[in-house]
């Protein structure tokens, strides 16, 4: 956790899921110059005379260095070749605010945890609280979900209370609120008696999940909500991303994310996009 502006925040976690290596990019560059025989890598040299078989492709993708790529990156600034190198990251626990910032980087593939399909537990907590007239249950239950990047319990209770009030306002305006929020087969649970709110909540949780439940309720969440995503950058775009986002001028949460991504990015790629300042 780190304190920013008087509030504790959790940093995201990042894993590198896949990389396609340096060999494809060197193969592309050698194709441009028809210079396969000049490579220090035997797998690339062999491309001069024949198409690669499965073993040769594995060797190409396993290359750990390339003198040509280093020259193109730092002497000739021929960065388009770096677009043949792709890296995919699994990111857990960044914020929707960061997601908005990420969307400004055009050249990336991004898949994000959907609020349309993943809000059912939150809505089930609210339905339980309304049916049993127990707002505190909603506050405590949602607090246990650990759904915010902020780690200050008092602040998060303010966030959760705001979500409750938004839902409560909608509840007062929509006659068929329960039909919007739970599956048809679960409506009968709302007519039963319960000793504790947890009993109703568990019945709703174990019942059929209503499809697209988030469509009616996306308005209640804020940029503080955690999101998970998988992103794929080509190396040229990643260079731009790290330059802009691992910077003192960047929004602090996306700067943290860029720094965590950089930590799991193999050195062989960083050496082509970040100048060694030592």
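Here is how the numbers come out for the structure above:
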quantity	calculated
Condition met for residue 238 (under 18 Å from residue 149 (Cα atoms), assigned by TED's automatic domain parsing to the domain that holds residue 97 and either in contact with a helix residue (DSSP H, G or I) (Cβ under 7 Å, 6 or more places away or on another chain) or surrounded by 19 or more Cβ atoms within 10 Å (Cβ to Cβ) (or both))	no
Qualifying position, being surrounded by fewer than 15 Cβ atoms within 10 Å (Cβ to Cβ), over 21 Å from residue 270 (Cβ atoms) and without any contact (Cβ under 8 Å) to a residue 12 or more places away in the chain, among 104, 116	104
Number of positions in the range 255-278 that are more than 23 Å from the chain's Cα centre (by Cα) and farther than 20 Å from residue 236 by Cβ	2
Matching residues in the range 244-271 - criterion: being touching a strand residue (DSSP E or B) at 6+ places or on another chain (Cβ under 8 Å) and not in a helix (DSSP H, G or I)	264, 265, 266
Hits in the range 10-59 (condition: surrounded by 15 or more Cβ atoms within 10 Å (Cβ to Cβ), out of contact with any helix residue (DSSP H, G or I) (no Cβ under 7 Å at 6 or more places or on another chain) and farther than 23 Å from residue 80 by Cα)	10
Failed criterion for residue 91 (all others in (1) at pLDDT 95 or above; (2) under 30 Å from residue 207 (Cβ atoms) hold)	(2)
Verdict on residue 178 being closer than 20 Å to residue 208 by Cβ, out of contact with any strand residue (DSSP E or B) (no Cβ under 7 Å at 6 or more places or on another chain), in a helix (DSSP H, G or I) and in contact (Cβ under 8 Å) with a residue 40 or more places away in the chain	yes
Test for residue 241: is it closer than 30 Å to residue 85 by Cα, touching a residue at least 40 places away in the same chain (Cβ under 8 Å), in contact with a strand residue (DSSP E or B) (Cβ under 9 Å, 6 or more places away or on another chain) and assigned to a helix (DSSP H, G or I)	yes
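The values are calculated or read from the model by the stated rules, or taken from the named source; none is laboratory data. Computed from a prediction, not measured in an experiment: that's the story for all the values here. All Cβ positions, even for glycine, are placed from backbone atoms using ideal geometry, and neighbour counts span all protein chains on display.
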